[in-house]
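Undergrad: Structure provided below as structure tokens; questions to follow.
The values are calculated or read from the model by the stated rules, or taken from the named source; none is laboratory data. Here the structure is a predicted model, which means the values were calculated and not measured. Here the Cβ positions follow ideal geometry from the backbone for every residue, glycine too, while neighbour counts run over all protein chains shown. Calculation scope for accessible area: heavy atoms of the full protein, side chains included, ligands and nucleic acids excluded. Shrake-Rupley method; radii C 1.70, N 1.55, O 1.52, S 1.80 Å.
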Amino acid sequence: MSHISKLLYIFFFFFCNSVSLSWSSSLSLHFPLTTLRLTPTTNSSSFKTSLLSRRNPSPSSSPYTFRSNFKYSMALILSLPIGTPSQSQELVLDTGSQLSWIQCHPKKIKKPLPPPTTSFDPSLSSSFSDLPCSHPLCKPRIPDFTLPTSCDANRLCHYSYFYADGTFAEGNLVKEKFTFSNSQITPPLILGCAKESTDEKGILGMNLGRLSFISQAKISKFSYCIPTRSNQPSLASTGSFYLGDNPNSRGFKYVSLLTFPQSQSMPNLDPLAYTVPLLGIRIGQKRLNIPGSVFRPDAGGSGQTMVDSGSEFTHLVDVAYDKVKEEIVRLVGSRLKKGYVYGSTADMCFDGNHPMVIGRLIGDLVFEFGRGVEILVEKQRLLVNVGGGIHCVGIGRSSMLGAASNIIGNVHQQNLWVEFDVANRRVGFSKAECSRLSP
């Protein structure tokens, strides 16, 4: 599946503000498609830091404590035990998604193409059940979760995702348990059970929606540490993931999530995302002349800045992107690869096998947040290997994908602990050597 397909418009049977899926060999972007139309940008003070009225209150502590490693190349791939007895399933960890879904292919049924090697066999699990058409969720326009559903020939709740690039996933909505240990088993959670899909992995939806994994399982916090990526894009590194308390959290620095009045209509806003107060961007010692208003949602929701583990590159709205590119051109413009655009959005790319030389000429990249919190991207890892001897600054232009948001992608979350403290409505960051944390 194309890595940009998450930002391509999904052809839903009904209007959809829930998430999607995607990951493969090019640019990945994984946040909910609420930006079907753009409205003019105007300044607004409509955001605030408070509890989200659309969400159920979170417990002060998570009912589960779980640590796992994940594979990382362009996405974060977790293997989680699902069912009774459990079957290990590979899922993309996605803080921009609500619906979790797994690959469901009974092994006894032979098709022209073999099922994914880690597909789930419902017939082997005693805790598996389908959602019938009569279930309230199998109705269009459920608040926070307008998944396109229909009733299949067996009177089961069927869903379909269709993407503009031709990729898709469809199957039934089901209930199933996650088994973290003999004493830590979730109740049956609502998932998608994909019978047909162009992806080999499922999705672990971790946003703030009521049907996300963390909301259904009442997870109060989770965290991950993304290692630096291998120089060869096809090779995976190993990172660390926690559900519940993280023993490293003492050194975390937190920013409060921005939240929004439920009553206000903001058509370009994703109210279920982890929206953070980005204040500015520095390159080298220079703070770029970008108005702070472009990093915060205006009256229509344009300008929201979200932290998204399911997006590979960071993406910026036009005003911010233009200022970043202007500085890159000033510093190393003669070295840019003319006419080259990676993933339809990123055009600050370079030929050759000496990315560190260019990185030193550019300097460190810093994202500045509230409360003095920063994400530092050191110059030696500023450029991302996209294959074919080409390296790109890991930033794309949001508008090229029809988006009106700023997204902090996973390439700029490397060598950081990132904690999503849902109970306290905040996100924490701390520098770490993530590759050294995994056995």
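Undergrad: Condition test on ARG330, is it without any contact (Cβ under 8 Å) to a residue 12 or more places away in the chain and of a type in the set (Lys, Arg)?
TA: So ARG330 fits the description; yes.
Undergrad: If you don't mind, another one. May I ask you to say which residue of SER344, SER309 is open to solvent by less than 10 Å² (accessible area, probe 1.4 Å) and not β-branched (Val, Ile, Thr)?
TA: Numbers: SER344 fails: open to solvent by less than 10 Å² (accessible area, probe 1.4 Å).
Going through SER344, SER309 in turn, just one is open to solvent by less than 10 Å² (accessible area, probe 1.4 Å) and not β-branched (Val, Ile, Thr): SER309.
Undergrad: Oh, and also: Restricting attention to region 171-193, which residues are of a type in the set (Gly, Ala, Ser), buried (at least 17 other Cβ atoms within 10 Å of the Cβ) and closer than 25 Å to LEU243 by Cα?
TA: Listed by number, the list holds a single entry, GLY192.
Undergrad: Could you please tell me which pairs satisfy a Cβ distance under 8 Å, a separation of 6+ or placement on different chains, a first residue in region 183-210 that is farther than 16 Å from SER160 by Cβ, and a second residue that is modelled with pLDDT of 95 or more and basic (Lys, Arg)?
TA: Pairs found: ILE185/LYS177; THR186/LYS177; PRO187/LYS177; PRO188/LYS175; PRO188/LYS177; LEU189/LYS175; LEU189/LYS177; ILE190/LYS175.
Undergrad: Among the listed residues ILE214, ILE226, ILE203, identify the single one that is over 24 Å from SER86 (Cα atoms) and out of contact with any Pro (no Cβ under 9 Å at 6 or more places or on another chain).
TA: ILE226
Undergrad: Something else: Would you check which residues across region 200-226 are outside any strand (DSSP E or B) and open to solvent by less than 10 Å² (accessible area, probe 1.4 Å) and list them?
TA: Correct list: MET206, ASN207, LEU208, GLY209, SER212, PHE213, ILE214, ALA217, ILE219, SER220.
Undergrad: Here's a follow-up. Consider region 246-260. How many of its residues are at pLDDT 95 or above, surrounded by fewer than 21 Cβ atoms within 10 Å (Cβ to Cβ) and part of a loop (DSSP other than H, G, I, E, B)?
TA: 1
Undergrad: Here's something else I'd like to know. Tell me the strands (runs of 3 or more DSSP E) entirely within region 311-382 that contain at least 1 residues that are of a type in the set (Phe, Trp, Tyr) and out of contact with any His (no Cβ under 7 Å at 6 or more places or on another chain). Before the answer, list the steps.
TA: Values: elements: 314-316, 349-351, 365-369, 374-377.
Filter on region 311-382 gives 365-369.
Undergrad: Are there any pairs, at least 6 apart or on different chains, whose C-beta atoms fall under 9 Å, with the first in region 311-325 and more than 10 Å from SER405 (Cα to Cα) and the second basic (Lys, Arg) and open to solvent by less than 10 Å² (accessible area, probe 1.4 Å), and if so, which?
TA: The qualifying pairs are SER311/LYS6.
Undergrad: Among the residues of region 374-384, is any touching a residue at least 12 places away in the same chain (Cβ under 8 Å), closer than 19 Å to THR275 by Cβ and not acidic (Asp, Glu)?
TA: Checking region 374-384: at least one residue is touching a residue at least 12 places away in the same chain (Cβ under 8 Å), closer than 19 Å to THR275 by Cβ and not acidic (Asp, Glu).
Undergrad: Taking region 324-367 on its own, how many of its residues are at positive phi and polar (S, T, N, Q)? Working first, answer last.
TA: So the first thing to find is which residues in region 324-367 are at positive phi, and the list is 339, 343-344, 352, 363.
Narrowing the set further to residues that are polar (S, T, N, Q) leaves 344.
The qualifying residues number 1.
Undergrad: Are any of the residues in region 412-424 of a type in the set (Gly, Ala, Ser), open to solvent by 10 Å² or more (accessible area, probe 1.4 Å) and in contact with a strand residue (DSSP E or B) (Cβ under 8 Å, 6 or more places away or on another chain)?
TA: Within region 412-424 (the criterion being of a type in the set (Gly, Ala, Ser), open to solvent by 10 Å² or more (accessible area, probe 1.4 Å) and in contact with a strand residue (DSSP E or B) (Cβ under 8 Å, 6 or more places away or on another chain)), the answer is yes, since at least one residue qualifies.
Undergrad: Among what's in region 269-306 and is part of a loop (DSSP other than H, G, I, E, B) and among the β-branched types (Val, Ile, Thr), pick the residue that is surrounded by the fewest Cβ atoms within 10 Å (Cβ to Cβ).
TA: ILE290
Undergrad: Right, something else. Does any residue in region 260-287 that is under 18 Å from GLN98 (Cα atoms) come within less than 8 Å, Cβ to Cβ, of a residue that is of a type in the set (Asp, Glu) six or more places away or on a different chain, and which pairs are these?
TA: Close Cβ pairs (under 8 Å, with a partner that is of a type in the set (Asp, Glu)) amount to LEU272/ASP144; ALA273/ASP308; TYR274/ASP308.
Undergrad: Here's another thing I want to ask about it. Among the residues that make up region 401-412, is at least one of them touching a residue at least 60 places away in the same chain (Cβ under 8 Å), assigned to a strand (DSSP E or B) and more than 14 Å from the chain's Cα centre (by Cα)?
TA: Checking region 401-412: not a single residue is touching a residue at least 60 places away in the same chain (Cβ under 8 Å), assigned to a strand (DSSP E or B) and more than 14 Å from the chain's Cα centre (by Cα).
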